[in-house]
Every structure is written in structure tokens, then in C-alpha cells.
There are 2 protein chains.
Amino acid sequence: MAVAAAIDNKTSRARDPASIAKALAALTAAFGNRVVTAQAVREQHGNTVTWIPNQPPDAVVFPQSTEDVQRIVRICAEHNVPVIPFGTGTSLEGHVNAPQGGVSIDFRDMDKVLAVHAEDLDCVVEPGVTRKALNEHLRDSGLFFPIDPGANASLGGMAATRASGTNAVRYGTMKDNVIALKVVLANGEVIDTARRAKKTSAGYDLTRLMVGSEGTLGIVTQLTLKLSGIPEAVSGGICPFPSIEACCNTAIATIQSGIPIARIELLDALQVRACNLHSNLGLPETSMLLLEFHGTEASVAEQSQRFGDIAAEFGGGPFTWATRPEERTKLWEARHHAALSNFALRPGAAMIATDVCVPLSRLAECVTQTQADIEASRILAPIVGHVGDGNFHLTLLIDMDDADEVKRAKALSERLVERALAMDGTCTGEHGVGQGKMKYLEAEHGPAALAAMAAIKRALDPQNIMNPGKIVAL
Amino acid sequence: MAVAAAIDNKTSRARDPASIAKALAALTAAFGNRVVTAQAVREQHGNTVTWIPNQPPDAVVFPQSTEDVQRIVRICAEHNVPVIPFGTGTSLEGHVNAPQGGVSIDFRDMDKVLAVHAEDLDCVVEPGVTRKALNEHLRDSGLFFPIDPGANASLGGMAATRASGTNAVRYGTMKDNVIALKVVLANGEVIDTARRAKKTSAGYDLTRLMVGSEGTLGIVTQLTLKLSGIPEAVSGGICPFPSIEACCNTAIATIQSGIPIARIELLDALQVRACNLHSNLGLPETSMLLLEFHGTEASVAEQSQRFGDIAAEFGGGPFTWATRPEERTKLWEARHHAALSNFALRPGAAMIATDVCVPLSRLAECVTQTQADIEASRILAPIVGHVGDGNFHLTLLIDMDDADEVKRAKALSERLVERALAMDGTCTGEHGVGQGKMKYLEAEHGPAALAAMAAIKRALDPQNIMNPGKIVAL
């Protein structure tokens, strides 16, 4: 307790303007015009895609190397000034906001693919490389990086937030696809969390501790990532169902049957309508699964056939599938634009995204109860789900000037989390905690586990300068 | 620094006999004859399968519930007495030894499968359940637990040491197959590291932090494990090769081609000879791959065919494969008995096992250099390898009464680790650190990362009572 109290006193030391000014002066001396304090740039580096107001940092710095980041952290540590890593700014829970001020470290210039080891199915990249840029780089290698959270996020940000997305049911999430990280710690030391070997049992798993820690334990300056072979054949398809339950039960049976499905995505009827409006698809406006199969020609044909049989058992169909790339692309572009397409449902509305994840067996119940709650709340909120993982998203379309509507939407979001937690689920499957979901962590993890997280945070960041005000409050 | 010094003083407090006597008295009052202090039982709970001498605990306690474990830890914490979790005692690096004395917590009586959630492909078990007992329990469910480290280890021990084994290339290691853990912390609090949802991004990954922490951060009292569907079809096969390089290159090409191979095991010629002697197999005594394919009838046939084509390109063959269970069983039993079979090479010898893991592209080089070193060292040491992961084992057959031979064998083991580290590999792929490999961690991780591990250890176990003297020295 004495230790905790001592640290609390330390962290509650004001981030006073004088200290920040000193840090900025030192940073400017070191980095010149790579330190930016223009209002517009600072605001752009605060988060803007949640309920949470924009909280801009005091400055933005653009490092070009691990040594630069180390120098920035050392300067900020000396003056007790927060550091907040910034990738592409696509996070959804206020991860890049600066509630205590400080310095945003923008990885725009650290965007190089440093090595591709084709024989080892891995690559080494800087954190500012986006997933699309990496896959573009890999184009002729026969390899690809499978994690696809929708946005063209930076790989550093994806590691920091434990991103996943549509392919996770087959390829896992960032926790499964990061082999090692180079990290600058709060004390200015640089560590490598692991070697490049595919597996290890040599000590604590610092890699997985850093993945999903949202910059609160250290700043990622290099990533070694697992790559996958581009499948010889890919087929995709769509399958309408009479109900959400039928979609979910089909997904459970598909996974239990061992079909190595690459993508199995749920769209509720409202989401299908939005996609139709936006992408002119002409799909029947009912609950629907979008599928993708990866393998050899023979195996994707077999997988598709077996899936079709399972879907029919649950009243789904007709299952139409296509191996032609242009058809598949149209379908998956529509899925990727699902969020965007929602504007077509209510032009001018604000769009707030949230997600939860529950055990697969509870998914149908959770989604249908949520649909009923959406209706009762008089909120427009289509649902998409990574149904193979039990993970689904609500996109709330809201008139932010209507205080009553905002209140109803917030209450709906709270109940969504409570519902997921009551079903042994989590308050977020892939969006992360940021500022937005901190309030749910005690209910999810219990006070003792949350205290363990705080103890780890204190041990690695006693000054509380690493992205403070996210995940655990000190 | 003041904090660290304070903690160091605390941990250096003697584990004095009086404190231990008080703890044992309190334990006996609480648990009666479930506290055992007989010499034979204590020695059996010290580790006996390494170079390291047996260091028995002061007592062994047999808890029956999480609450029992919590009570044991609280009593031991009060008296500053170490606690050492014990599963089946099959670990290979002195994990269960008691260098500072203390209490071994034997999970023999916590051996219940608490729940199987077939729809969610998971189960909840107590830590004393062995992997074979779990698979026996699952027999009629269509599901199985794939991780197979060879020994019939307890699942608690497998989680604690981040076990993997022959199936890891397809199904991952314990880090990939543990969904959540119930853990008693050093402060006596019980935490659940995660919910039962398949994925989450809600805070620090306490699950992965505990997996592989070898009881030094907390004691696992319950595990939620991912299960897999029993494949519809399984085929196995063997393929001799002209050289180790050809084996390794075939493995790389197989994995790159995207064949979802379930097992791909390397045996060097000496290991094949041992298996022949022990299991009467009549195999050609050359480098060899043992394979297993999981899928549908059509897909295992296709996988086998494609593998055969790849092997032929590297001069391997004939590749003979079998879907008949009795043939496959004979083959895999021989592989499982590989370690045991080595006694046939040198009856009466002591057997010391060690392992390293390197990037796949370096495997051939690492194995052939190691073979040359074995020869130069005049040590009998067959090699088996989980070649899809870049992980291989040496089994050193040694006359422990021959001081010169022991010295040469130890030097060989040291050079093996140095070789692996020089190739961006790890000092252990799956055996863990225990006492035996602590000395390599600084070379592997660097001082800053090791200091971060020590900081985490101190934060969660300031008294250093959780399996002290393993992984990080405080």
C-alpha cells in the first residue's frame, strides 16, 4: 500500500505547463520541424470517432527510428510528460486522445518493410506500415498478412489494440500473428519481446503482454509478424436465412464440423438494406451470412458443398457461391463498406461503433435480445458480426443534437455490454478499451484482476507517462 | 530504486526453519493428513529428470479446491514460505524443485472435468486433469484437446510451462489453446484471467502472461481450454530422406505450400535406430519425416499426394502413407516412445533431454552443426524435431559416473543453446526455463527485457514466495 501511495502521489503530480514547455523545447532542439504544435495537427491527433470529446496533445512528433522514439520518451520522462503513440487514428474508443496533454508520437515516417523472410513465413516492419501497404509489398511473394480490421490501420496500432476482423476465425487475431515486438519502455530502455523462432517457452510472454496494451506499457517501434501463404483457391458466397438464430446455429455447426472457414460474417436485415442502398447489391433484405473458403480448388469446392448442406438444415439458402474474383470482390467490398454504407440509412447522422463478444452458444440470444433493445430504444443500429468468433458490432446512427436520442443510444450501449458480460462475454472483442470502455473493466475482470493489471502498469511505468488515462486508471 | 531495494530486503529474509515450522503447523491444522512430510514423498516432489540435484520441499499438500489453494497460499505468505505447484512431475528443467524449501502443492485430487461446452468448443477443467484423461472424457463428444507434449502431463503443468509437442504446427501451443485461467495470486486473491468469449481486447492479456510463467506469478486452479473437432479423416506416413537438409527443406516447402499438416516430425538416423531397436519397426536407418494429415477423406488424400510430390523434389521417398488406424498408431507410438527407446541404444545410461527452437530457415544448419558437435563431443545423442516449428530435442545418453563425459555433455548442451541464440532462436522451444535455463535468459532477452520480467515478478509477488528460484532470480 505504501508503494502504491508513493506512486499515486508521483502520478498525480501536475502535468504542469512549465514542464510541458520544457519538454517541447528539448524536443524541438532535438527534432526541429518534426515537432508540430499547430492546432489543426494537434486536434487531428486527438480522437474524433467516439462519444468522447477531442483531447488534443500539446505537440506531435514524427520519429524516424527507434532511437528517435527512445529520445522522445527520455525527454518526456524527464519532464513527467505523457507520450501517446499514433498510427492512422482509426481506433474507436479514444485511444489516441491526450486527456492529460503530452506528446503524440506519430509513426507516419516509420513506414518501411524491413525484411521479408519467405522461408520462415514472417516479416519485420516498422509500426507505421499499414496492412494494405504490407500486403501490397508482399504481392509477388505468394504470402499475405491476414489480419483485416476493416480500416487501413497501421500495424503498430493493430498490435497495440489487439485488432482482428473478418479473417480471425481462420487466422486468429493480432495476438496470434505477432511473433516479436521491439518496444521502448517508460524508462527509455529498448527491449525485444522475443526472438524470431516460431515458438518459445523461455520466460514471460512479453509479446502478448504488449499486444493489446494500447501504448500504456511501452511504445512499439518494430514488429515481427507471421505471414500466411496465399491460398491456391478462394471461394466466397452468400446465404440468406429466415432468422438470426438460424445464422448463428449454422455458424456453430459449421465450425464444429471442422470446416476451416476463412470468413463467416453475419449481417442483419437492416445492415443488408444499408449495403443494398450503398453498393446497389439487390440482396434479399433478411439475416444473411457472407462466407469465404480458402484452400485448394478441390477443398474449397468441398467446403462450400458441406457448408451449403449445413445451411439447408437450418432453413438457410439458397447458398450461392462464386470463385470468380470480381464477384467475390464486389461482395467483400460491400461488407467492408458496411459501416460506411450505414450513412445511406440516415444521411447526416453521426456514427458510433461498438462491439462485444460472447461464447458462440450465446450469440443468437445476445443478438436477438440486442435487436429487441434497439427497437425499444428507437435507435437506428444495424448489426454485423464475426459470427465464427461470437463477436458482433453495433453501428449507432445518431443525431448528436438530439439530447434525448443520445441518451437513449448511450443507455443502449451500456445494456449491450451488461448483456455480453452476463453471458460470460467481454465488453469488447476487438475495438479495445481506450477511454471508452475503462468503466466496464472492473465488472468484466473483477477488482483483483484489475488490481493485478494496475500493478503491472505501475511496475513498468511508475510515472504513468505511457498513454495515461487508458485501460487502467492509476 | 528505493522500491526495488525494499523488496530485495524482504525477499532476502531467511526462509528460516521456525517460519516453516509455523506454516506447517498451520497447514496441518487446516488440512490434517492432506499435509505430508514423509521423506520419500517430499523427494518424489523434487525434480529428478535433469542434471539438477533433487531439492525436496518441506511438505506436500493436496488441495481439493481453489479455496484450499487460496488458504495454503495465505498461510505460506504469512510465514514467508515458498509455494511450488506440482502436476505430474514430468517437467524437464527442475521446475518443481524447492531450492529455498517450502510447500509443494500437488494437484492430484483436483482432477475433475468441470464442464464441456461442445457448442463453444471449450471445456473447463481442474489443473490435475491429464491430457489423456481429458481426451478420454471427451471420447464420445466428437472433440479433442490437441496439445500433446509426449508425457501424460497435467493440464495445469502444461499451461504453466507453455507446453506444445507434435501437433503444435497445426493446433498451436498452450498459449493458443488456453482461453482463461483461474489463478491464486501471491496476495491470496483469486482472479479469472479472461471470460469464456473466443476473443477479447479488454485489457492486458493476463492469460498469456500466466501461461509459461511456471508458477512464479500465480498458481493455476482452473483452466478453460479450447477444443478441436476430431477430424473426419486422418492419414499418416513416413518418408526417408538422404539428409537432414532434405528433411528440413521439405518441411519448409510443405508449410509454405499451405498444406495444413497436423504433424511433421524429424528423426535423425540414430533416433530411427533407437526406435527400430525398441519397437521393432524395421525402418531404414536414415533421416526421416513422420507425417500426419487431418481433414476430410478427400482432403487428406490430396494433402498426402501433394506432400509426396514435394518430398520427391528434395530427393525424399518413397513416401508411404496409411489411413488404417493400427498402422498409424504403431508409427506414432514409436515416435512417442522415441525418448524411452533411447535406452535401447545404451542400457543403464542416464537420459537428459534438452530443446531449442530456431527460425525454420536456419533449422537444417542448426541440426547439422549440432550433429557434428555431438560427434566431436563423443556423446550419444539422438535428435527428434518438431520440424514444422523449427524446434528440436537432443536426448543425451550419459554415464553420470564418468565425470569427463558429463562435462563434455554439459558443454555440448551449452553450445547448442549458444548456436540457437546466434540464429535468432530461443534457448527452449517447449521445455521451459525452470532452474536449468535461467542462465541463458539474459543472453536471449537482453538485460532490459529481463529487468522488465523481474519488475512484473516483483509487482505480483513482492515476497518472492511463488516458485522462487525459477525464470527470474530476485
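In the list B:Gly258, B:Gly203, which residue meets the criterion of being touching a Gly at 6+ places or on another chain (Cβ under 9 Å) and closer than 16 Å to A:Leu209 by Cα?
B:Gly203
Can you give me the ranges of the helices (runs of 4 or more DSSP H) entirely in the stretch A:255-355 with at least 1 residues that are within 13 Å of chain B (Cβ to nearest Cβ) and either surrounded by fewer than 18 Cβ atoms within 10 Å (Cβ to Cβ) or aromatic (Phe, Trp, Tyr) (or both)?
A:297-313
Does the stretch B:428-456 hold any residues that are among the basic types (Lys, Arg) and either under 16 Å from A:Thr207 (Cα atoms) or in contact with a Cys (Cβ under 8 Å, 6 or more places away or on another chain) (or both), and which are they?
Listed by number, the list holds a single entry, B:Lys437.
Run down A:Ala251, A:Ala312, A:Ala334, A:Ala301 and say which single residue is farther than 30 Å from B:Phe145 by Cβ and within 26 Å of the chain's Cα centre (by Cα).
A:Ala334
If I ask for residues that are more than 7 Å from chain B (Cβ to nearest Cβ), in contact (Cβ under 8 Å) with a residue 12 or more places away in the chain and basic (Lys, Arg), which ones from the stretch A:439-469 would you list?
A:Lys457
Which residues, counting only those in the stretch B:418-436, are more than 7 Å from chain A (Cβ to nearest Cβ) and aliphatic (A, V, I, L, M)?
Once the filter is applied, which keeps residues that are more than 7 Å from chain A (Cβ to nearest Cβ) and aliphatic (A, V, I, L, M), the stretch B:418-436 yields B:Ala420, B:Leu421, B:Ala422, B:Met423.
Among B:Lys437, B:Lys410, B:Lys457, which is of a type in the set (D, E, K, R), in contact with a Ser or Thr (Cβ under 8 Å, 6 or more places away or on another chain) and within 30 Å of B:Glu265 (Cβ to Cβ)?
B:Lys437
Can you name the condition, by its number, that A:Thr88 falls short on among (1) in a strand (DSSP E or B); (2) touching a residue at least 12 places away in the same chain (Cβ under 8 Å)?
In the conditions (1) in a strand (DSSP E or B); (2) touching a residue at least 12 places away in the same chain (Cβ under 8 Å), A:Thr88 misses (1) alone.
Report, by residue number, each residue of the stretch B:118-133 that is touching a Phe, Trp or Tyr at 6+ places or on another chain (Cβ under 9 Å) and within 14 Å of chain A (Cβ to nearest Cβ).
Answer for the stretch B:118-133, where residues must be touching a Phe, Trp or Tyr at 6+ places or on another chain (Cβ under 9 Å) and within 14 Å of chain A (Cβ to nearest Cβ): just B:Cys123.
Filter the stretch A:387-438 for residues that are without any contact (Cβ under 8 Å) to a residue 40 or more places away in the chain, of a type in the set (D, E, K, R) and assigned to a loop (DSSP other than H, G, I, E, B) and give the result.
Passing the criteria: A:Asp401, A:Asp402.
Of (1) touching a Ser or Thr at 6+ places or on another chain (Cβ under 9 Å); (2) surrounded by fewer than 24 Cβ atoms within 10 Å (Cβ to Cβ); (3) closer than 25 Å to B:Glu136 by Cα, B:Thr173 satisfies all except one. Which?
(2)
Could you grab me the full set of residues in the stretch A:238-254 that are outside any helix (DSSP H, G or I) and of a type in the set (Ser, Thr, Tyr)?
Answer for the stretch A:238-254, where residues must be outside any helix (DSSP H, G or I) and of a type in the set (Ser, Thr, Tyr): just A:Ser243.
Please specify each residue of the stretch A:188-210 satisfying the condition of being hydrophobic (A, V, I, L, M, F, W, C), under 20 Å from A:Glu430 (Cα atoms) and more than 7 Å from chain B (Cβ to nearest Cβ).
A:Met210
Restricting to the stretch B:171-187, give me the number of residues that are in contact with a strand residue (DSSP E or B) (Cβ under 6 Å, 6 or more places away or on another chain) and within 7 Å of another protein chain (Cβ to nearest Cβ).
Number of matching residues: 0.
Give the stretch A:194-223 a look and list any residue that's of a type in the set (Ser, Thr, Tyr) and within 21 Å of B:Thr216 (Cβ to Cβ), or say none.
Hits for the stretch A:194-223 are A:Thr200, A:Ser201, A:Tyr204, A:Thr207, A:Ser213.
Taking the criterion of being on the phi > 0 side of the Ramachandran plot and of a type outside the set (Gly, Ala, Ser), would at least one residue in the stretch A:426-441 satisfy it?
Checking the stretch A:426-441: not a single residue is on the phi > 0 side of the Ramachandran plot and of a type outside the set (Gly, Ala, Ser).
Just to be sure, is A:Gln371 of a type in the set (S, T, N, Q) and farther than 24 Å from A:Met288 by Cβ?
Answer is no for this residue.
Only one of these conditions is not met by B:Ser279: (1) free of Cβ contacts under 8 Å to residues at least 60 places away in the same chain; (2) more than 29 Å from A:Gln303 (Cα to Cα); (3) of a type in the set (Ser, Thr, Tyr). Which number is it?
Unmet for B:Ser279, out of (1) free of Cβ contacts under 8 Å to residues at least 60 places away in the same chain; (2) more than 29 Å from A:Gln303 (Cα to Cα); (3) of a type in the set (Ser, Thr, Tyr): (1).
What is the residue count in the stretch A:130-144 for residues that are touching a helix residue (DSSP H, G or I) at 6+ places or on another chain (Cβ under 7 Å) and surrounded by fewer than 18 Cβ atoms within 10 Å (Cβ to Cβ)?
1
Could you list, in sequence order, all residues of the stretch B:55-82 that are crowded, with 22+ Cβ neighbours inside 10 Å and under 26 Å from B:Ala133 (Cα atoms)?
Within the stretch B:55-82, B:Val60, B:Val61, B:Pro63, B:Val69 qualify.
May I ask you to list the residues in the stretch A:344-385 that are in contact with a Lys or Arg (Cβ under 8 Å, 6 or more places away or on another chain) and closer than 24 Å to A:Ala253 by Cβ?
Within the stretch A:344-385, A:Val356, A:Cys357, A:Pro359, A:Leu360, A:Cys366, A:Gln369, A:Thr370, A:Val384 meet the criteria.
Among the listed residues B:Ala115, B:Ala133, B:Ala77, B:Ala98, identify the single one that is assigned by TED's automatic domain parsing to the domain that holds B:Ala186 and either part of a strand (DSSP E or B) or closer than 21 Å to B:Lys22 by Cβ (or both).
B:Ala115
Before we move on, is B:Ala159 surrounded by 24 or more Cβ atoms within 10 Å (Cβ to Cβ), facing chain A (nearest Cβ under 10 Å) and either in a helix (DSSP H, G or I) or touching a helix residue (DSSP H, G or I) at 6+ places or on another chain (Cβ under 6 Å) (or both)?
no
When the stretch B:264-317 is examined, which residues are found to be aliphatic (A, V, I, L, M) and closer than 18 Å to B:Phe392 by Cβ?
B:Ile264, B:Leu266, B:Leu267, B:Ala269, B:Leu270, B:Val272, B:Ala274, B:Met288, B:Leu289, B:Leu290, B:Leu291
With respect to B:Ser141, determine if the residue is within 14 Å of another protein chain (Cβ to nearest Cβ), among the hydroxyl-bearing types (Ser, Thr, Tyr) and within 21 Å of the chain's Cα centre (by Cα).
Answer is no for this residue.
If I ask for residues that are within 18 Å of B:Pro127 (Cα to Cα) and in contact with a Lys or Arg (Cβ under 6 Å, 6 or more places away or on another chain), which ones from the stretch B:189-223 would you list?
Of everything in the stretch B:189-223, those that are within 18 Å of B:Pro127 (Cα to Cα) and in contact with a Lys or Arg (Cβ under 6 Å, 6 or more places away or on another chain) turn out to be B:Asp192, B:Arg208, B:Val211, B:Gly212, B:Glu214, B:Thr216, B:Thr221, B:Gln222.
Take the stretch A:98-136 and flag every residue that is touching a His at 6+ places or on another chain (Cβ under 9 Å) and not small (Gly, Ala, Ser).
A:Asp106, A:Val113, A:Val116, A:Cys123, A:Val124, A:Val125, A:Val129
The values are calculated or read from the model by the stated rules, or taken from the named source; none is laboratory data. Owing to the predicted nature of the structure, the values given are computational and were not obtained by experimental measurement. Note: ideal-geometry Cβ built from the backbone for every residue, glycine included; neighbour counts use all protein chains shown.
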